[in-house]
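Rule-based calculations on the coordinates, nothing more; no lab input. Nothing here was measured: the structure is a model prediction, and the numbers come from that model.
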């Protein structure tokens, strides 16, 4: 949940390549790394060296990802669809 909040706020995130957040690559709003100290230090340096305009663009892409994939409206619709399918299976003889 913290990654979702950070992305929604336009904050750049550094996440493990093994995380569930595969779509951050498609949106270009993150740093996905192997989690070791050397990689982490390199990415933090790269992030700090980015021009502010690029950090802002990445932040905007993060907000777009959350809005398109994790908005309350979308999550509600998906949950209702899941419940509907379950109910169809339960009530179908």
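Taking Cα atoms, how many degrees apart are the long axis of helix 72-91 and the longest axis of the chain, rounded to 10 and kept between 0 and 90?
30 degrees
If I build a Gaussian network model for the chain, linking alpha-carbon pairs within less than 10 angstrom, which residue out of 83, 27, 70 has the largest mean-square fluctuation?
For the chain, modelled as a Gaussian network with Cα springs under 10 Å, the answer is 83.
Which label marks the calculated value of Cα Rg over 2.2 N^0.38 Å, given the options (i) 2.18; (ii) 1.94; (iii) 1.42?
Only one option fits the structure, namely (iii).
How far is helix 52-70 tilted, in degrees, relative to the longest principal axis of the Cα atoms in the chain, given as a value from 0 to 90 rounded to the nearest 10?
10 degrees
In a GNM of the chain with a 10 Å cut-off on Cα contacts, which of 44, 14, 33 has the highest mean-square fluctuation?
Ranking 44, 14, 33 by mean-square fluctuation puts 44 first.
Calculate for the chain the 222 nm mean residue ellipticity that helices alone would give, adding -39,500 (n - 2.57) per DSSP H run of length 4 or more and normalising by residue count, nearest 500 deg cm²/dmol.
Mean residue ellipticity, 222 nm, calculated: -21500 deg cm²/dmol.
Picking from 16, 71, 53, which is most flexible by a Gaussian network model of the chain using Cα springs under 10 Å?
53
Could you tell me which of rounded, prolate or oblate describes segment 31-83, using a ≥ b ≥ c as the square roots of the eigenvalues of the alpha-carbon gyration tensor, with rounded for a/c under 1.5 and, failing that, prolate when a/b is larger than b/c and oblate otherwise?
oblate
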